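Please read the structure below before turning to the comments.
The values are calculated or read from the model by the stated rules, or taken from the named source; none is laboratory data. Small disclaimer: the values here were computed from a predicted structure and weren't measured. Neighbour counts run over all protein chains shown; Cβ positions are idealised from the backbone, glycine included. These area figures cover heavy atoms from the full protein model, side chains too; ligands, DNA and RNA do not enter into them. Shrake-Rupley method; radii C 1.70, N 1.55, O 1.52, S 1.80 Å.
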Amino acid sequence: MIDAGINNKHLHLRMAALGINPASISAIFVTHEHTDHICGLSVFAKRYQIPIYLTQGTYESSRLQLPDYLVNFIKSNSVVNLEDLSVYGIPKYHDAQEPCSFLVSDGHINISVLTDLGRICDNVKKAIRIADILFLEANYDEQMLLTGRYPYHLKNRIKGGWGHISNDLSLGAFLDHRSERLKHLILGIYQEKIILLTW
C-alpha cells in the first residue's frame, strides 16, 4: 500500500468495496509527510501491525507516533524487496522533507505511482518510460488556478516547481516519455477524481 491519507473509516470502506482484507496488507510505503498522505497511517498500521517504509526526513517531519518496530527507514532512491515484489524509491521535487514516489515491480510488470510532483525531473521521466501501468498526477488547470480564489502564496506554492504539476505538464510528460510497454494510464485529478485510459 502507498500512503494512507484518509481516515480509517473511509480506508476500510474503500478496501471493502474492492474486496481487500486490510489484514492482507504486508507493508505501507509513505511518499511524504503531508496530512493528506498520512492522516490514517498511524491507526491503521498499529491496528494491523503493518511495517512502514519511509525516509527519515519524512518521519521526522510527520510527527507520527509509531512503534519503533514498525518503522523502516529507507533512502529516497532505495530498493526494498518484499516477497515477489520490489519497490523502488523515486526522488522528486516537492515541498516536503526527503519525499519520494515509488515504482512497484514483480520483475515483469512495472507500476509507477507519481503524485505530488513539483516538476518533471529525470527520475520521473525514467519512471514513466519503464512503466506498464502509470498513475500520474494531473493536479490543476493553469488558467483556473490563475483566476481562482486561492490566495497568491498558495497559487505560487502549487505552481512554483515544488508543489504540483498542471494538467498540461502532465500531458506533456506522458506524451514525451511513454513507451510502447505502457498499457494503462491513471490520472490523479484534483478532488480525488480518477480517470482510467486503456489502449
Report summary line: From most to least accessible, 1.4 Å probe, no ligand or DNA/RNA atoms counted, Tyr48, Tyr150 line up as Tyr150, Tyr48
Requested in this report: Could you tell me whether the range 20-101 comes out rounded, prolate or oblate from its Cα gyration tensor? Rule is a ≥ b ≥ c as square roots of the eigenvalues, rounded for a/c under 1.5, then prolate if a/b exceeds b/c, otherwise oblate.
Outcome: oblate
Requested in this report: Sum up the charges of everything whose Cβ sits under 14 Å from the Cβ of Ser105, counting Lys and Arg as +1 and Asp and Glu as -1, but leave Ser105 out.
Outcome: -1
Query raised in the report: Summing -39500 (n - 2.57) over the DSSP H runs of n ≥ 4 in the chain and dividing by its residue number, what mean residue ellipticity at 222 nm do you reach, to the nearest 500 deg cm²/dmol?
Result: -8500 deg cm²/dmol
Report task. For a label point 7 Å from the Cα of Ala17 along Cα→C-beta, name the residues of the range 105-123 whose backbone N is under 20 Å from it. Result -> none
Report summary line: Between Arg157 and Glu60, the FRET efficiency computed from the C-beta separation at R0 = 25 Å comes out, to the nearest 0.05, as 0.70
Query - Rough spin-label spacing in nm, given labels placed 7 Å along Cα→Cβ, for His184 and Lys126 - result: 2.5 nm
**Report entry** Carbon and sulfur %, accessible surface of the range 34-184 computed with the full protein complex present, 1.4 Å
**Finding:** 51 percent
Query raised in the report: Which residues in the range 47-64 place their backbone N less than 15 Å from a point set 7 Å from the Cα of Gln97 along the Cα-to-Cβ direction?
Result: 54-64
Report task. For Leu171 and Asn77, compute 0.36 nm times the residue count separating them, minus their Cα-Cα distance, and round to one decimal in nm. Result -> 31.3 nm
Query raised in the report: So what is the relative contact order for the chain, in percent, with contacts set as C-alpha pairs under 8 Å and at least six apart?
Result: 15 percent
Requested in this report: Quick one: Debye curve from the alpha-carbon atoms of the chain only, equal weights, vacuum; give me log10 I(q)/I(0) at q = 0.08, 0.11, 0.15 Å⁻¹ to two decimals.
Outcome: -0.26, -0.51, -0.98
Requested in this report: Please go through the range 27-82 and write out the trypsin sites (Lys or Arg not before Pro) that DSSP classes as loop and that have at most 11 other C-beta atoms within 10 Å.
Outcome: Arg63
Query - Accessible-area ranking of Glu180, Glu98, Glu33, Glu142, largest first, probe 1.4 Å - result: Glu180, Glu142, Glu98, Glu33
Query raised in the report: Can you give the accessible area per residue of the range 1-122, in Å², using a 1.4 Å probe?
Result: 50 Å²
Report task. Report relative contact order for the range 1-97 in percent, whole number only (criteria: Cα-Cα under 8 Å, sequence separation at least 6). Result -> 25 percent
Query raised in the report: If the range 61-101 were replaced by its equivalent ellipsoid, with semi-axes equal to the square roots of 5 times the Cα gyration tensor eigenvalues, what would those be, largest first, whole Å?
Result: 19, 18, 6
**Report entry** Heavy-atom SASA rank of Asp141, Asp176 (probe 1.4 Å, accessible area, largest first)
**Finding:** Asp176, Asp141
